[in-house]
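Asker: Sharing a structure with you now.
The values are calculated or read from the model by the stated rules, or taken from the named source; none is laboratory data. Remember, predicted model here, so these are calculated numbers, not experimental data. We place every Cβ from the backbone using ideal geometry, glycine too, and count neighbours over all the protein chains shown. What goes into the accessible areas is simple: the full protein's heavy atoms, side chains included, and nothing from ligands, DNA or RNA. Shrake-Rupley method; radii C 1.70, N 1.55, O 1.52, S 1.80 Å.
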Amino acid sequence: MLESLNTVALSRWQFALTAIFHMLWPVLTTGMGIYLVVIEGLWLKTKNLTYYHHARFWSKLYILNFGIGVASGLPMAFQFGLNWAPFSLAVGDFFGTVLGFEGTMAFMLEASFLGIMVFGWQRVPPLMHWVATICVAFGANLSTFWILSANSWLQTPAGGVFVNGKFQVQDYFQAIANPFMVNSFLHMFFATLETSLFVIGGISAWYLLQNRLPNFFTKSLKVVLVMALIVAPLQIFVGHLSAEQVYRYQPAKLAAMEAQWETIPAGTSASWSLIAIPDEATQTNKVDVKIPGLLGYLLELKPTLDSPVLGLKEWAPSDRPHLIGLIYYSFRTMIAIGLYLAALVSVTVFIWWRTGLAGDRLGNYKWLWWGWIFAGPLGYIAVEAGWIVRCVGRQPWIVYGQMRTAEAASALPPQVVLFSLSGLVALYTIFFFAALFFGSRIIQKGPNVALPVPGLRNAEELEIRIKMAEHQPDSRPLETQQ
């Protein structure tokens, strides 16, 4: 059995496991960090204590996700040197530098100010604490920038040349600002923020469904709605721009996303595939339901195309993506979730406009709260589906058009990779159930509205305690001071 295992396949499975699992945690921290900045800023501006208690409550989930994100992300860094040593040797001058920027600039910034954000409520002025929260959120999203810059370079390598199989950097700025970078970063930025907003909204809806602290969680839901009303349509728009870039730079991936086997010539109408069952053995679709003309509008905003949409048959089987069904349905899953979330926001805002989402009327909208609870995990699924399209659709290349994945894997015995893969499965299973356990405890317990609030009253109490602790001269007669 072990002799038949493929080292490259096992290494890909291991990286997929670590990437998919690790992605669950920074998705929430990067987006929730921005929410915490907004909610704490509202407290400073309005002096409304509800916003303060919101900041304290949601930051608990932030800390939990941050901790598991750090622990689950460490194996990813080690894999580049262990499982993908030829890749690291070939592109390390750029790829390693960018990931080093992520660690030294972004992660260190986030980690440095996290202590103030968590423990500094009574130790630093409220404005200073808000600045610390801003630094934490900025560091988390700066991390997203560097990671997406590195991954975008794998999609559209730029800024240098490969010489004897090794990438030589000629312009770091051009390599960092590669053609995919801007839209990829924006797409991920809005994805993390949107996912976080719907997690917060889903938890708030769970409380509203139980009629538990309705005024408190109606406020958090309203903040989510205002932010999501901007973010949800922007995410759809940026996603459209990203698809246009795939059309231009990675036509084989686009063909896989559309399960398009035959080339659609320029000057003709291009239909969009709604449902298909791809069959790679026969290079056809067993089922293919299409919407006439829609693909032309999606790619070029016109019914007929100026450029052809190349079919998968244009490439040899060894030079094009496989797992077409996975890529095809992952792409459509991401689209469907994005449309559902945007529709849910629109319906909720309409109900808010008509009724005010008043506390005494919330019981009439149980179906709406179930819709939000259902939406809570959907953002995660959309993010994971998007990364499947992005990375599986890039195959067989690890550096698009320059270096194949099969050439990038270390020459390890399959048993070694299988052992590390099994260990990671066990470790991540423990992490996952620990996160569910502690996360559910935080949610079940709910916010602590009795927490002391930084401000004048606390300052006075602290001053009294300090004075009580100060040394007072002994006023007793000398003969009794023994």
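Asker: Taking residue 374 and the conditions (1) over 19 Å from residue 69 (Cα atoms); (2) crowded, with 16+ Cβ neighbours inside 10 Å, which numbered condition does it fall short on, given that it satisfies the others?
Answerer: (2)
Asker: Do we find a residue being assigned to a strand (DSSP E or B), at pLDDT below 95 and open to solvent by 50 Å² or more (accessible area, probe 1.4 Å) anywhere in region 177-191? Break it down into steps so the answer makes sense when it comes.
Answerer: As a first pass, look at region 177-191 and keep what is assigned to a strand (DSSP E or B): none.
Among the residues of region 177-191, not one is assigned to a strand (DSSP E or B), at pLDDT below 95 and open to solvent by 50 Å² or more (accessible area, probe 1.4 Å), which makes the answer no.
Asker: Quick one: count up the residues across region 269-282 that are touching a residue at least 24 places away in the same chain (Cβ under 8 Å), part of a loop (DSSP other than H, G, I, E, B) and either among the charged types (D, E, K, R) or open to solvent by 50 Å² or more (accessible area, probe 1.4 Å) (or both).
Answerer: 1
Asker: Separate question: Please work out if residue 266 is in contact with a Ser or Thr (Cβ under 6 Å, 6 or more places away or on another chain) and not in a helix (DSSP H, G or I).
Answerer: Details: in contact with a Ser or Thr (Cβ under 6 Å, 6 or more places away or on another chain): yes; not in a helix (DSSP H, G or I): yes.
It is true that residue 266 is in contact with a Ser or Thr (Cβ under 6 Å, 6 or more places away or on another chain) and not in a helix (DSSP H, G or I).
Asker: Mind telling me which of the residues 142, 148, 154 ends up being touching a strand residue (DSSP E or B) at 6+ places or on another chain (Cβ under 6 Å), closer than 23 Å to residue 384 by Cβ and at pLDDT 90 or above?
Answerer: 154 is the lone residue from the list that is touching a strand residue (DSSP E or B) at 6+ places or on another chain (Cβ under 6 Å), closer than 23 Å to residue 384 by Cβ and at pLDDT 90 or above.
Asker: Please determine, by comparing only the residues of region 393-444 that are part of a strand (DSSP E or B) and out of contact with any Pro (no Cβ under 6 Å at 6 or more places or on another chain), which one is farthest from residue 66 (Cα to Cα). Write out each step before concluding.
Answerer: Our first condition is that a residue be part of a strand (DSSP E or B); within region 393-444, this holds for 397-399, 403-404.
After this cut, where a residue has to be out of contact with any Pro (no Cβ under 6 Å at 6 or more places or on another chain) as well, the list is 397-398, 403.
On the way: 397: 32, 398: 29, 403: 34 Å.
The extreme case among them is 403.
Per-residue answers, yes or no, for (1) open to solvent by less than 20 Å² (accessible area, probe 1.4 Å); (2) at pLDDT 90 or above; (3) in contact with a Leu (Cβ under 6 Å, 6 or more places away or on another chain):
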position	(1), (2), (3)
3	no, no, no
6	no, no, no
20	no, yes, no
43	yes, yes, no
49	no, no, no
63	no, yes, no
70	no, no, no
76	no, no, no
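Asker: Report, by residue number, each residue of region 90-117 that is open to solvent by less than 40 Å² (accessible area, probe 1.4 Å), among the aliphatic types (A, V, I, L, M) and touching a helix residue (DSSP H, G or I) at 6+ places or on another chain (Cβ under 6 Å).
Answerer: 98, 106, 114, 117 - these are the residues of region 90-117 that are open to solvent by less than 40 Å² (accessible area, probe 1.4 Å), among the aliphatic types (A, V, I, L, M) and touching a helix residue (DSSP H, G or I) at 6+ places or on another chain (Cβ under 6 Å).
Asker: Same structure again: Can you name the residue in region 144-171 that is within 16 Å of the chain's Cα centre (by Cα) and of a type in the set (S, T, N, Q) and, of all such residues, is farthest from residue 253 (Cα to Cα)?
Answerer: 144
Asker: Something else about it: Which ones in region 116-166 are in a loop (DSSP other than H, G, I, E, B) and among the hydroxyl-bearing types (Ser, Thr, Tyr)?
Answerer: 156
Asker: All but one of (1) in contact (Cβ under 8 Å) with a residue 60 or more places away in the chain; (2) touching a Pro at 6+ places or on another chain (Cβ under 9 Å); (3) not small (Gly, Ala, Ser) hold for residue 87; which doesn't?
Answerer: (2)
Asker: Please go through region 244-262 and give me each residue that is under 17 Å from residue 290 (Cβ atoms) and surrounded by fewer than 16 Cβ atoms within 10 Å (Cβ to Cβ), ordered by number.
Answerer: 262 - this is the single residue of region 244-262 that is under 17 Å from residue 290 (Cβ atoms) and surrounded by fewer than 16 Cβ atoms within 10 Å (Cβ to Cβ).
Asker: Could you check region 285-344 and list, in sequence order, the residues that are touching a Phe, Trp or Tyr at 6+ places or on another chain (Cβ under 6 Å) and more than 27 Å from residue 190 (Cα to Cα)?
Answerer: Correct list: 291, 311, 312, 313.
Asker: Yes or no: residue 219 out of contact with any Asp or Glu (no Cβ under 6 Å at 6 or more places or on another chain), assigned to a helix (DSSP H, G or I) and open to solvent by 20 Å² or more (accessible area, probe 1.4 Å)?
Answerer: yes
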